[in-house]
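The values are calculated or read from the model by the stated rules, or taken from the named source; none is laboratory data. As the structure is a prediction and not an experimental result, all values here were calculated from the model. With ideal geometry, Cβ positions are generated from the backbone for all residues, glycine too; neighbour counts draw on all protein chains shown. The area values use the complete protein model at the heavy-atom level, side chains included, leaving out ligands, DNA and RNA. Shrake-Rupley method; radii C 1.70, N 1.55, O 1.52, S 1.80 Å.
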Amino acid sequence: SVDTLLIPGPIILSGAVQKALDVPSLGHTSPEFISIFERVLKNTRAVFNSSASSKSQPFVLAGSGTLGWDLFASNFILSKVPNRNVLVVSTGTFSDRFADCLRNYGADVDVVEPPKIGESVPLELITKKLSQKKYGAVTVTHVDTSTAVLSDLKAVSQVIKQTSPETFFVVDAVCSIGCEEFEFDDWGVDFALTASQKAIGAPAGLSISLCSSRFMDYALNDSENGHVHGYFSSLRRWVPIMQNYEAGKGAYFATPPVQLINSLDVALKEILDEGLTKRWALHREMSDWFKNSLVNGMQLTSVSKYPSNMSAHGLTAVYVADPPSVIAFLKSHGIVIAGGIHKDIGPKYIRIGHMGVTACNRSLPYMNNCFDLIKLALQRKK
Ligand code: PMP
C-alpha cells in the first residue's frame, strides 16, 4: 500500500487530477492541447488574482519551483545592467537560496533577516534599507517552507510604494498560491513564481510565474537593457509562445509536458470552482486546528510564532525532542512527514504539510490521524 504523503509538497493529488495524468500523448500544437493550454494560462492569471486587463503575463514551463528563481534572475540581470542591487527579505532557507541564485547571475545582494528565526522581517528594517540605497528589486518569500513563516506582502508592498516605487516587487509564492491570500494586481507585484506540486495540487514538474507589464517592458527591452544570459530561461523566447497559446494558436519554442499541463488544468479548475476565498479559509481552518492541537494541546513550540499573523496556513513546523524517532514512528504507520531544514536550527523540528485536498476535503481522516500519531509518538518517549 502507498504511504499517505503529508510533507509540505509534493502533496496528495485529488482523484480527478491524478486521472488527468493518464491520458495519451497529445500533439503540443494540436487543437485539443491548444484549448487546454489556453485555459491553463487564463486560469493561472486568475489564481494569482490578476485580471487580463492588467496585461500581466503568465508563463507555465517544464521545471520546478527553482526555475522561477532563474527566470527572474536571468531576465533581470541583463547584459547592459549586469550588477543590479537586490534586497532579499529572508525568512529562511528558501529565501537564502533565492539570494544565492541572484548572486549567481551577478546581482549585488543584501539580505535582511528577522531578529529571531520564526519571525518575519520588521517593516522598519525594509524601509530603512530602501531609503539608504537604490534597489532594482526586493524579493520576499511569501511562505518560507523551511520555517513556516508567512510574510505580510500587503505591508511590504506599501513600504515599497512609499519608499521606492520604481523597485520591482518580486515574490516567491511556491508555498502560498492556492492556500494564502494573494493579490497580484492589488499589491503591485512585478514577478511572482510558484510551482505545481504544493497548494495548486498538481504533480511536480511545472514552474508557474506571472509578470507585471512593467517588468515585461523592462525584460523585453533589448536596446536599452541588453540581452538575456539564458536560453531556455529567456522570457523573450517564451512571450510569443504563451501569447499565442492564450489566443488559441499553437506555437513552439520547446516541447511542453502535455500530461502535466492537462493535470494542472484540472487542479486549477478545482481551485477556481471552489473559489479562492473559500479555499484560503479552508486552509486557515485546518491550520488553526492543527497548530492549536500541537501548541496548546500538546505544549509543543511552533517554529513560526503561533498564534500570530506570521504563521503559514499550508504547513506546520514544530520543535520536538527527537525528530527522527517521530518521523520514523509515523512512517511505520503509513504517514510521511518531513524534518527540519533550516541551516541554524537544523533537524530539531518536524514539518507537516496540509495543502490542497488534505486541508479542503474534510471527509479525509489524514490530518486527524497525523495528529493522533504525533501524540502517540511523543507519549511513547516519556
Ligand atoms: N521556494 C519555496 C518557498 C519552496 O518551498 C521550494 C520547494 N520546497 C522552492 C522554492 C523550490 O521549489 P522546487 O523544489 O520545486 O524547485
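Which one is nearest to Ser287 (Cα to Cα), of the residues in region 1-34 that are surrounded by 12 or more Cβ atoms within 10 Å (Cβ to Cβ) and of a type in the set (Gly, Ala, Ser)? Only one residue tops the list, namely Gly9.
Filter region 311-327 down to the residues that are over 24 Å from the mean Cα position of the chain (by Cα) and open to solvent by 60 Å² or more (accessible area, probe 1.4 Å), then identify the one that is farthest from Ile12 (Cα to Cα). Walk me through it before giving the result.
Just the residues of region 311-327 that are over 24 Å from the mean Cα position of the chain (by Cα), to begin with: 320-327.
Cutting the leftovers down to open to solvent by 60 Å² or more (accessible area, probe 1.4 Å) gives us 321, 324.
Details: Ala321: 28, Pro324: 22 Å.
Residue satisfying both the conditions and the ranking: Ala321.
Within region 204-215, how many residues are within 16 Å of the ligand (Cβ to nearest atom) and open to solvent by 20 Å² or more (accessible area, probe 1.4 Å)? Break it down into steps so the answer makes sense when it comes.
Within region 204-215, the subset within 16 Å of the ligand (Cβ to nearest atom) is 204-210.
Narrowing the set further to residues that are open to solvent by 20 Å² or more (accessible area, probe 1.4 Å) leaves 204-205.
The number of residues fulfilling the criteria is 2.
Pairing residues of region 93-107 that are at positive phi and more than 9 Å from the ligand (Cβ to nearest atom) with residues that are among the β-branched types (Val, Ile, Thr) and open to solvent by less than 50 Å² (accessible area, probe 1.4 Å), at Cβ distances under 7 Å and at least 6 apart in sequence or on separate chains, gives Gly106/Ile77. Determine whether Lys161 is touching a Cys at 6+ places or on another chain (Cβ under 7 Å) and modelled with pLDDT of 95 or more. Considered against the rule, which asks whether it is touching a Cys at 6+ places or on another chain (Cβ under 7 Å) and modelled with pLDDT of 95 or more, Lys161 comes out as no. Within region 137-161, residues that are under 17 Å from His342 (Cα atoms) reach partners that are within 10 Å of the ligand (Cβ to nearest atom) and of a type in the set (Phe, Trp, Tyr) with beta carbons closer than 7 Å, at six or more positions or on different chains, in the pairs Thr141/Phe94; Thr141/Phe98; Asp144/Phe94; Thr145/Phe94; Ser146/Phe94.
Within region 216-236, the residues that satisfy the criterion of being in contact with a helix residue (DSSP H, G or I) (Cβ under 9 Å, 6 or more places away or on another chain), part of a helix (DSSP H, G or I) and open to solvent by 40 Å² or more (accessible area, probe 1.4 Å) are Asp222, Glu224, Arg236. Test each condition in (1) open to solvent by 20 Å² or more (accessible area, probe 1.4 Å); (2) more than 16 Å from the ligand (Cβ to nearest atom); (3) of a type in the set (Gly, Ala, Ser) for Ala155 and report the one that comes out false. With respect to (1) open to solvent by 20 Å² or more (accessible area, probe 1.4 Å); (2) more than 16 Å from the ligand (Cβ to nearest atom); (3) of a type in the set (Gly, Ala, Ser), Ala155 is out only on (1). Among the candidates Leu272, Leu268, the residue that is crowded, with 19+ Cβ neighbours inside 10 Å and not β-branched (Val, Ile, Thr) is uniquely Leu268. Would you pick out the residues in region 70-80 that are more than 24 Å from Thr127 (Cα to Cα) and either free of Cβ contacts under 8 Å to residues at least 60 places away in the same chain or open to solvent by 10 Å² or more (accessible area, probe 1.4 Å) (or both)? Asp70, Ser79, Lys80 - these are the residues of region 70-80 that are more than 24 Å from Thr127 (Cα to Cα) and either free of Cβ contacts under 8 Å to residues at least 60 places away in the same chain or open to solvent by 10 Å² or more (accessible area, probe 1.4 Å) (or both).
Of everything in region 135-151, what is of a type in the set (Gly, Ala, Ser), closer than 16 Å to Lys305 by Cβ and either more than 8 Å from the ligand (Cβ to nearest atom) or open to solvent by 10 Å² or more (accessible area, probe 1.4 Å) (or both)? Give them in sequence order. Steps first, please.
At the first step, the residues of region 135-151 found to be of a type in the set (Gly, Ala, Ser) are 136-137, 146, 148, 151.
Among the residues that remain, those that are also closer than 16 Å to Lys305 by Cβ are: 146, 148, 151.
Ala148, Ser151 - these are the residues of region 135-151 that are of a type in the set (Gly, Ala, Ser), closer than 16 Å to Lys305 by Cβ and either more than 8 Å from the ligand (Cβ to nearest atom) or open to solvent by 10 Å² or more (accessible area, probe 1.4 Å) (or both).
For region 50-59, check the following and say yes or no: at least one residue is modelled with pLDDT of 95 or more, away from the ligand (no atom under 16 Å from the Cβ), open to solvent by less than 20 Å² (accessible area, probe 1.4 Å) and closer than 22 Å to Leu102 by Cα. Yes, region 50-59 has at least one match.
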